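Down below is the structure, laid out as structure tokens.
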Amino acid sequence: MDKLKDYNISFSGLKEGKHLFEYEIGASFFELFENPLIEKGSIKAEVELNKSSALLTLDFKVKGDAVTSCDKCLDDLSIPIENEGKVYIKFGEEYDEPTEEIIVLQHGEHEINVAQLIYEFICISLPIRQVHPEDENGNLTCNPEMLMKLDEYLVEEDEDEEEIDPRWDDLNKLLGNIN
């Protein structure tokens, strides 16, 4: 957890106005999190802190390539990502996160760790389904050995073998009489 300290932004000594912090995100960053969706990548994260007397605003920009597992063949898959977002930091009696965009820090806090926020902005930029793209002929570019192995275990249901419960016939007759 000591490596998370690299992502602390100490705002107490900063003048009011905008301040830019840049981070190079790679495999060592993703190792900081338990069961990460992404294991490695090359991502640039920019955090712009706008400090005012009553409020801090953090503008996040993440851009690069993330390497994750293909949902179909489980091979590594490089996915280009790009995302921007904003988080507002207010001060109150105790720590709270009333919404996704607002964080309340206790009065007297002098720094914030942005590692979790950067990780979340990276993860939400991933597509829901992560699979290798098709080639120019429309064929999957997934690992062919894994696809053959999956086909071996594919279970196909044959609808002809399934007997229809005779009670459904009686219910369908009733529906036919109503219309």
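For region 1-75, which strands (runs of 3 or more DSSP E) that fit wholly inside it have 3 or more residues that are within 12 Å of Ala115 (Cα to Cα)?
Working: elements: 8-10, 17-25, 40-51, 56-69.
So the answer is 17-25, 40-51.
Restricting to region 22-44, what's the tally of residues that are under 30 Å from Leu55 (Cβ atoms) and surrounded by 14 or more Cβ atoms within 10 Å (Cβ to Cβ)? I'd like the intermediate steps shown before the answer.
As a first pass, look at region 22-44 and keep what is under 30 Å from Leu55 (Cβ atoms): 22-25, 29, 32-33, 43-44.
Okay, now just the ones that are also surrounded by 14 or more Cβ atoms within 10 Å (Cβ to Cβ), so 23, 25, 29, 32-33, 43.
Of the residues in that region, 6 qualify.
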**OP:** Starting from residues that are within 24 Å of Asn35 (Cβ to Cβ) and either surrounded by 11 or more Cβ atoms within 10 Å (Cβ to Cβ) or touching a residue at least 60 places away in the same chain (Cβ under 8 Å) (or both), keep the ones in region 83-99 and report whichever is nearest to the chain's Cα centre (by Cα).
**Re:** Asn83
Original post:
Going through region 118-139 one residue at a time, which ones are under 11 Å from the mean Cα position of the chain (by Cα) and in contact (Cβ under 8 Å) with a residue 40 or more places away in the chain?
Top reply: Ile118, Tyr119, Phe121, Ile122, Cys123, Ile124, Ser125, Leu126, Pro127
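FYI, it's all coordinate maths here, none of it is from the lab. Fair warning: this is a prediction, and the values are worked out from it, not measured in the lab. So basically every Cβ, Gly included, is an ideal-geometry build from the backbone, and we count neighbours across all protein chains shown.
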